[in-house]
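Worksheet: one structure, shown below.
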Amino acid sequence: MTIHSLLLTMLESFTHTFLAMSFEELLWIGFGFFGQGIFFSRWLVQWVVSERNEESQIPMSFWYMSLVGSVIVLTYAIHIADLVFMAGQSVGTVVYVRNIMLLHQANKRVVSG
């Protein structure tokens, strides 16, 4: 099988699956991709901030984007009943919430300092 025929087969399979979906299913997939987009964008934000400051940094927005993206993707995983996906997103969500809490505590200490 050539790469061309493999790509054509994949495209046909994707098109058939996509066309067979209901409007509700398409909305859920769009919602899931939206969450993944937010989740991925956090790395772009981190990269820009690090480049701007000429050192590796993780801004507060990174953690909020992680949390929002993770909750959206977790919601999608629950909808499609994917236990592996749910477990992975659940653990990440706890870590993001904890990091946000720690950063807020550190900011309060600096302000009241």
Taking region 30-65 as the region of interest, how many residues are in contact (Cβ under 8 Å) with a residue 40 or more places away in the chain and either acidic (Asp, Glu) or under 30 Å from residue 81 (Cβ atoms) (or both)? 4
Has region 91-102 got at least one residue that is over 14 Å from the mean Cα position of the chain (by Cα), modelled with pLDDT of 95 or more and of a type in the set (D, E, K, R)? yes
I'd like the full set of residues that are open to solvent by less than 90 Å² (accessible area, probe 1.4 Å) and charged (D, E, K, R), limited to region 80-98. 82
Every listed condition ((1) in contact with a helix residue (DSSP H, G or I) (Cβ under 9 Å, 6 or more places away or on another chain); (2) without any contact (Cβ under 8 Å) to a residue 12 or more places away in the chain) holds for residue 110 save (1)
Does residue 14 satisfy being modelled with pLDDT under 95 and touching a helix residue (DSSP H, G or I) at 6+ places or on another chain (Cβ under 6 Å)? no
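Listed here are the residues, each with its yes/no results for (1) open to solvent by less than 60 Å² (accessible area, probe 1.4 Å); (2) among the aliphatic types (A, V, I, L, M).
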| site | (1), (2) |
| --- | --- |
| 8 | no, yes |
| 18 | no, no |
| 21 | yes, yes |
| 33 | no, no |
| 58 | no, yes |
| 73 | yes, yes |
| 78 | no, yes |
| 100 | yes, yes |
Being touching a residue at least 40 places away in the same chain (Cβ under 8 Å), β-branched (Val, Ile, Thr) and within 30 Å of residue 24 (Cβ to Cβ), is that true of even one residue in region 76-89? yes
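The values are calculated or read from the model by the stated rules, or taken from the named source; none is laboratory data. Nothing here was measured: the structure is a model prediction, and the numbers come from that model. Neighbour counts are summed over all protein chains in view; Cβ atoms, including those assigned to glycine, are modelled from backbone coordinates with ideal geometry. The area values use the complete protein model at the heavy-atom level, side chains included, leaving out ligands, DNA and RNA. Shrake-Rupley method; radii C 1.70, N 1.55, O 1.52, S 1.80 Å.
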